[in-house]
Amino acid sequence: MSLRDKVRYRMMKDVGLPAAMGIDRLRKARRVRPRDPLFGPPLESSGALKNLMMRHYGLARYAEGAMPVAWVTSGAPVELLRAFGFYTVYPENHGAVCGARRVAPDICAEAEAAGFSQDLCSYARIDIGHALSGKTPVGKLPRPDLLFCTNNICQTILYWFKDLSHMYGIPLIVLDTPFLYGEPAAATMDYVSGQIRDMVTALERITGKPFDEARLAEVLESSRRGSELWGKVLATMRHRPAPMTIFDAFVHLAPVVSLRGLPVCERYYEGLLAELEDRVERNVAAVPGERHRLMWDNIAIWFALKPMSRFFAENGCVGVAGTYTNAWAETAHHLDLKDPWGSMARAYGLIFLNRDLEYRLDLMARIAAEYAADGLVLHSARSCKPYSVGQYDIRRKLSERLGIRTVVIEADMTDFRAYSEEQAKTRLAAFFESLEGGRDGAAAAAGGGGSGA
Amino acid sequence: MGRTEYLIAQKEMGRKVAAVWPARYPAELLWAHGICPAEVWDPPLEPERASGHLQPYVCGIVQRGLELLLSGGLRPADILLFPHTCDSLQNLATMVRDLGGEARRCLFFYPPKRDAGERAIAYLMAQLRDLSGELTLHVGPMNAGALEDAMELGSQRTEAMRRLYDLRAEGRLSAGNAAFYAAVRACEFLWPEDAVHSLHTFAKEQEGTPSDEAVPLVFSGVLPQPADFMEKLDGLGVRVVEDDFLGCGRRIVRRTIPAGEDPWRVLAERMQALPPCCTQGASVGDRTNFILELVRRSRARGVVILDVKFCEPELFDAPLIVAGLRESGVPVLILETEMEPRTPAGMLTRMEAFLETLS
């Protein structure tokens, strides 16, 4: 780390970026956007979110050389890295940004030209494409000094990060969280917590810094609070009418993924929660005239958030819950300062994507009940196998168990070459029509594999 | 005797049968419990029933394995064992147990996904004991010394397989590719004593000098697929001299693991000593070096990577392995199969073109 880079980072953090963002705010404030009559008033916190994430990616450009930089997976125990002073970048979040800005195919093509199959995870192709070409809509990502991954969300992440490790010639730390068929065995949790303890030694070696237990306690507490606040934010959608939609939640998820364990994450969600609670009190609807409440399964279709959100609203439908957004609120309560290693093992080893489909089915049934969902939209994401394989059966089972209507739409989270808007709209339109008919015939609607609403 | 008839005969001898999905699992433990494992890799079925449960972007191994199950082809099996290999097989395992109404006992096994040294060994040992406990519930406990005996059979099978691979790599096996893989892949269901006998017999019968004109190549990937591909290679004058197939050469321990007092530990160490594999998170460098070593020892003139479409663990590694091999001056061809019943003409044309570049 060089002094020059450290000073430059500090200057940008305290002066340069706030000034640039202030100018940007003034410029945008002059633009008056007409309000979309399909929706309630836009969330005021959206502006703060934009600033927060702009600042995160803006500062990332100057982190290289000023502090150790780690690229991290969304389900990794980032608290350890924060305790060692790493600047963290989340390739999955970067992938979502690329998806939302509709630049994914262009960046994926860089990876494909180097021989990576178009059938691979599109987040991974974006990341590898970026590593090969430097292409990104966020200006520049800092070169990592360390890669840190946990296979609790998928095995893909392991294949992807070891490729990055090979390409950059840098160390990769892997936390292996065995997939849980049934309840976790003591040996499994010991294996996970033991690996987390071992990481301390590896991080001390890589950073040359001694481990600071008190700092880890602070970060863990912040992480737990941030995740709990996120859970409360989501819970406001239990109110009828819902004060925001699942499509809003997908967007406002970014801080708990990328900034978990930092005070800015807590502050942001405190503000968002206050705004949503105020809306609940005043019965402000995200979609005026809300008729049907839906649950979403799988990652967002980032490039289609807006049109999908409008199409839902046009049909009086509001997405009020999702398995994906719930994941960052699901297990944080396990974090316990008295038992940091065991509690991190539980918080990260027990997430629903690391558990069997019976567990997932029960979780989805519980969420559907808590949020009074009367329909389920399953996004079958072509490049996300762990989330998607089994969805056809989950759909049938949930339909039978809850008597709700369901639909599967085939797409991808970022690569719109694997998406037919017309086909998705046709399926959703039929599904929305069936909702108007009530719950009768839900079992019939569930018949067949991926076809038929 | 065909595979199904063989398994029925095993049952008549008082043994149980376990259908085992890919890829790495402790066969010795099953033998010790009197269970004959029958592996489910690439049954020759078109996925019809399975397509109602799986999206079209799921690989052929998962599709066909489920098809075999749904079509009743696994009726002789008493137990289903799903080692953890990839996301798709992981979900298939829980689909079958939790959502598919499968009445038979479904068991799982998790090979650690990185070499965490002693922690991985300890975790493997704990799992081996757990798996043995589960098998005991179904078929009763092991007899005294059964695990040690099974470990000895495992050593003999590995030794017989290694000898066959050595003969081939050293140019002392006259067998063609199709015959070689038929012999090797029979071990996917043969009881170990039968497997050892069959491998020895094959080596004895086939020991000899192969054609000088055949082009020696190393293969990597998942399996020798499509089914007739090895016959086609025989016709093209290709001699596969080594392989890093997930289902074949990558499951042979290439070095001797010293015996120890604790059979559970030795079994765990044997599993961890298998060649580097993408499904267990092996680094690209280790995999490339392993393939380079196969090329050196067999004096192959090139490498063919034969991937199965949608197989993420292999497809992520392939471009970087190709780059590494080319940097070392080794010509490489990548082919992708959808496990078609017959080798597509395009695949053969690409193979022929590759051979021309080597001549």
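The values are calculated or read from the model by the stated rules, or taken from the named source; none is laboratory data. The shown structure was predicted, so the numbers you read here are calculated from the model rather than taken from an experiment. Glycine gets a Cβ as well: all are built from the backbone with ideal geometry, and neighbour counts include every protein chain shown. Side chains are part of the model used for accessible areas, which takes the heavy atoms of the whole protein and leaves out ligands, DNA and RNA. Shrake-Rupley method; radii C 1.70, N 1.55, O 1.52, S 1.80 Å.
Counting every alpha-carbon pair across region A:218-258, the share separated by more than 11 Å comes to 66%.
With semi-axes defined as the square roots of five times the eigenvalues of the C-alpha gyration tensor, the equivalent ellipsoid of region A:90-236 measures 29, 20, 18 Å, largest first.
Taking amide H positions as modeled 1.01 Å from N, with prolines and chain starts lacking one, the residues under 5 Å from B:VAL222 and 5 or more places away or on another chain are B:LEU246, B:LEU306, B:VAL308.
Rounded to whole Å, give me the distance from the Cα center of region B:156-232 to that of region A:301-329. Spelled out, the Cα-based centre of one part sits 54 Å from the other. Coupling constants for region A:243-248 follow from the phi torsions by the Karplus curve (6.51 cos²θ - 1.76 cosθ + 1.60, θ = phi - 60°), and in residue order they are x, 8, 10, 4, 5, 5 Hz; glycine and proline get x. Take each residue of peptide A:380-391, count the partner chain Cβ atoms within 10 Å of its Cβ, and average: the result is 6.
Look at the stretch A:175-182: the mean tally of other chain Cβ atoms within 10 Å of its residues' Cβ atoms is 6. When each of the peptides B:75-81, A:145-151 is scored by the mean number of other C-beta atoms lying within 10 Å of its residues, the order from highest to lowest reads A:145-151, B:75-81.
Comparing Cα centroids, region A:177-245 and region A:370-387 end up 24 angstrom apart. Legend: residue pairs A:LYS135/A:LYS306; B:LYS113/B:LYS204; A:LYS135/A:LYS162; A:LYS50/A:LYS162; B:LYS232/B:LYS309, Cα-Cα distance threshold 28 Å; pairs beyond threshold, B:LYS113/B:LYS204; A:LYS50/A:LYS162. Farthest toward the positive end of the dipole of region B:3-139, out of B:SER51, B:LEU7, B:GLN63, is the Cα of B:LEU7, where the dipole comes from beta carbon charges about the Cα centre. Highest-first packing order for the peptide set B:139-145, B:214-220, A:39-45 is B:214-220, A:39-45, B:139-145, based on the mean count of other beta carbon atoms within 10 Å.
Net charge dipole, region B:3-139: roughly 220 debye, given to the nearest 20, about the Cα centre with Cβ charges of +1 for Lys and Arg and -1 for Asp and Glu. Equivalent ellipsoid of chain B: semi-axes from √(5λ) of the C-alpha gyration tensor, largest first, are 31, 23, 21 Å.
Hydrodynamic analysis of region B:3-139 uses the Kirkwood radius over alpha carbon pairs. Inserted into Stokes-Einstein at 10 °C and 1.306 mPa s, it gives a translational diffusion coefficient of 102 µm²/s. In percent, rounded to a whole number, the relative contact order of chain A is 17, using alpha-carbon pairs under 8 Å and six or more apart.
Within the same chain, lysines fewer than 8 places from A:LYS397 are excluded, and of the rest, those with a Cα less than 26 Å from its Cα are A:LYS385, A:LYS425. Rounded to the nearest 20, the size of the Cβ-charge dipole of region A:3-435 about its Cα centre is 1440 debye, with Lys and Arg at +1 and Asp and Glu at -1. With all pairs of different C-alpha atoms in the average, the Kirkwood value for the hydrodynamic radius of region B:1-52 is 12.5 Å. Residue order by solvent-accessible surface for A:LYS306, A:LYS50 is A:LYS306, A:LYS50, largest first, with ligands and nucleic acids left out and a 1.4 Å probe. P(r) tail, region A:282-439: Cα-Cα pairs separated by more than 29 Å, 21% of all pairs.
For region B:229-359, the direction-averaged projected area of the alpha-carbon convex hull comes to 9.2 nm².
Residue order by solvent-accessible surface for B:LEU45, A:LEU26, A:LEU59 is A:LEU26, B:LEU45, A:LEU59, largest first, with ligands and nucleic acids left out and a 1.4 Å probe. As a check on your grasp of the helix formula, calculate [θ] at 222 nm for the protein assembly as shown: sum -39500 (n - 2.57) over DSSP H runs of n ≥ 4, divide by the residue count, round to the nearest 500. Only helices count here, giving -16000 deg cm²/dmol. Derived scalar couplings between HN and Hα for region A:258-269 equal 9, 10, 4, x, 10, x, 4, 5, 4, 4, 4, 6 Hz in order, rounded to whole Hz, by the Karplus curve 6.51 cos²θ - 1.76 cosθ + 1.60 (θ = phi - 60°), x for Gly and Pro. Per-residue shielding of B:108-115, expressed as the average number of other chain Cβ atoms within 10 Å of the residue Cβ, stands at 5.
Computed on the Cα trace of region A:3-435, the radius of gyration divided by the Kirkwood hydrodynamic radius gives Rg/Rh = 0.95. Considering only A:ALA19, A:LEU353, A:ALA48, and ranking their Cα positions along the charge dipole of the protein assembly as shown that arises from unit charges at the beta-carbon of Lys, Arg, Asp and Glu, the one farthest toward the positive end is A:ALA19. DSSP beta bridges confined to chain B are antiparallel in about 5 percent of cases. Expressed as a whole percent, the proportion of Cα-Cα pairs in the protein assembly as shown lying more than 47 Å apart is 23%.
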